[in-house]
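Following: one structure in structure tokens, then a few remarks.
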Amino acid sequence: MTQKKPDKPQPKADPGTSQPNGPDWQAYFKNRAESAKDPRLKKFYACGTFAADTPVSELPFVALDLETTGLDAQKHGIVSIGLVPFSIRRIRCAHSRYWVLRPRRELDQGSVPFHHITHSDLLEAPDLNEILDELLAALAGRVVVVHYRGIERPFLRRAVRDRLGEPLEFPLIDTMELEARVYRRRHWARRFLAGLVGRKPQSIRLAQSRSRYKLPQYGAHHALTDALATAELLQAQIAWRYGPDTPLGELWC
């Protein structure tokens, strides 16, 4: 992840017709498989996605994390991508992927202390377009999981549109949003009282969220490490707060 991400989750995207459990992603994928102009996108969408009533125990996931040159997808670019495939019972570290990429927008020197990727690291790095086949293949047929969709979703949407002339859209589970739901629903009174006595409300950033589930702390701001941390966090959230029979539609956005 790049720099400090807000505690406040973003509103849901709605690329297709709304259903009781959110957008009709299956219909959206079918439509894009027919209408996408780029063959790589057609192949990605042809793999389809899962119905909202699919139990999470039956789903293949992939945790995704980006490091970027800044926080604004309209001004900044992607410098690294980490992917970790997993299920609710197993993390497949051997199949993880990590890329350092050359952004089209200039590297912001102020972001270097966070992700530790320098100008020299990017001299021989590929453009996103050069690894897009591999990236789409790693995402296809899996449910994407991120911690704070305000980075991964808009940055990939913009980066793919810049290169292919059409955006990349897909459903995802946001572990930050799942934490936010807990504190909106169950702890509003506690947060109110904490405000009265000057205490800060619980943080829903990745490290602080993991600590509530007794997960180990990792070094932050490396795309592959943060993807692994996000995968473990979703496993813990499902085990503690949901269950293997939870339908996907309760979690995605």
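A few comments on the model shown:
- The order of Ser211, Ser87 by accessible area, most exposed first and with a 1.4 Å probe, is Ser211, Ser87.
- Accessible surface ranking that places the most exposed of His222, His95, His76, His147 first, with a 1.4 angstrom probe: His95, His222, His76, His147
- The H on the amide N of Val79, modeled in the peptide plane, is under 5 Å from the matching H of Glu67, Thr68, Thr69, each at least 5 residues off or on a different chain.
- Asp162 sits with roughly 60 Å² accessible to a 1.4 Å probe, with DNA, RNA and ligands left out of the calculation.
The values are calculated or read from the model by the stated rules, or taken from the named source; none is laboratory data. Computed from a prediction, not measured in an experiment: that's the story for all the values here. Heavy atoms of the whole protein, side chains included, go into the accessibility calculation; ligands, DNA and RNA do not. Shrake-Rupley method; radii C 1.70, N 1.55, O 1.52, S 1.80 Å.
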